[in-house]
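Peer 1: Provided herewith is a single structure, encoded as structure tokens, for subsequent inquiry.
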Amino acid sequence: PALATFFFGNRSVALPPLPELYLPKRWMQIGRMILKPLLVVGLPLLSIYEYKQYEIPKPHPMAATYEPVLFVVNQDTFEQIQPDSVHWKKWMVDRFYSKVITQDGQTRYYRYDVDTTAQTIELMAYRDSSDVHAFTYEWIDSTQILVKGIYRSDTLTVQLKMKRPEDYLLMSRGFHWVNEYPFNR
């Protein structure tokens with residue numbers, strides 16, 4: 001009733017004092033005096049210790065967004081990308097997963113395994129364990145990669161251009177939520 005009067009009655013209310021915890025036995029009182037500081041000091045210390053034990057995984061060296069520059073399907077080079085489920089719009093590689101966004105807007109998520117010595121990439125679908133695609137790759141320069149392999153029963157040769165998070169306009173221009181002029185000029 002006191003809280004209802006405060007919120008809905010638009011009046012100030014004095015809450016009743018909390019009753020002090022009564023512990024009838026002496027061992028309970030001693031236990032309370034020991035447990036209270038242990039919890040107040042121990043839990044933060046334990047949290048700090050656990051945080052220091054946990055290592056944040058470093059991003060994969062290939063982690064970036066890749067956009068196709070050249071797309072060859074079954075030896076046919078396509079100048080204008082077709083809106084179908086074969087042609088890639090983007091290939092995104094993160095720490096733990098990879099996803100392919102096709103030209104028709106479908107998104108497929110994959111686990112991936114990269115062998116840097118053999119220069120192979122294996123994409124394994126999350127939902128279907130038999131959906132595995134093996135590719136070989138070769139770096140053309142520091143920002144372009146050539147990927148060859150079989151994807152969904154089509155032979156692909158794709159030249160991809162890397163786009164790191166720093167390359168996006170929102171990250172590179174110094175974005176602020178409140179600004180009077182575009183690009184903070």
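Peer 1: Condition check: under 22 Å from K148 (Cβ atoms), in contact (Cβ under 8 Å) with a residue 24 or more places away in the chain and surrounded by fewer than 14 Cβ atoms within 10 Å (Cβ to Cβ). Does V114 satisfy that?
Peer 2: Details: under 22 Å from K148 (Cβ atoms): yes; in contact (Cβ under 8 Å) with a residue 24 or more places away in the chain: yes; surrounded by fewer than 14 Cβ atoms within 10 Å (Cβ to Cβ): no.
The answer is no for V114.
Peer 1: All but one of (1) under 43 Å from the mean Cα position of the chain (by Cα); (2) not in a loop (DSSP other than H, G, I, E, B) hold for Q29, so report the exception by its number.
Peer 2: (1)
Peer 1: Another one. Could you give me the residue pairs with C-beta distances under 6 Å whose first residue belongs to the range 20-45 and is among the hydroxyl-bearing types (S, T, Y), whose second residue is exposed (fewer than 10 other Cβ atoms within 10 Å of the Cβ) wherever it lies, and which are 6+ apart or on separate chains?
Peer 2: Listed by first residue and then by second, the contacts come to nothing, as the list is empty.
Peer 1: Among the residues of the range 46-96, write down those that are surrounded by 13 or more Cβ atoms within 10 Å (Cβ to Cβ) and without any contact (Cβ under 8 Å) to a residue 12 or more places away in the chain.
Peer 2: F78
Peer 1: When you go through (1) part of a loop (DSSP other than H, G, I, E, B); (2) at pLDDT 85 or above one by one for Y66, which number turns out not to apply?
Peer 2: (1)
Peer 1: Restricting attention to the range 117-146, which residues are touching a Leu at 6+ places or on another chain (Cβ under 6 Å) and either within 21 Å of N74 (Cβ to Cβ) or touching a residue at least 60 places away in the same chain (Cβ under 8 Å) (or both)?
Peer 2: Taking the range 117-146 first, the residues touching a Leu at 6+ places or on another chain (Cβ under 6 Å) are 133, 138, 140, 145.
Answer for the range 117-146, where residues must be touching a Leu at 6+ places or on another chain (Cβ under 6 Å) and either within 21 Å of N74 (Cβ to Cβ) or touching a residue at least 60 places away in the same chain (Cβ under 8 Å) (or both): H133, E138, I145.
The values are calculated or read from the model by the stated rules, or taken from the named source; none is laboratory data. All of these numbers come straight from a predicted model, not from anything done at the bench. Here the Cβ is made from the backbone with ideal geometry for all residues, glycine too, and neighbour counts use every protein chain on show.
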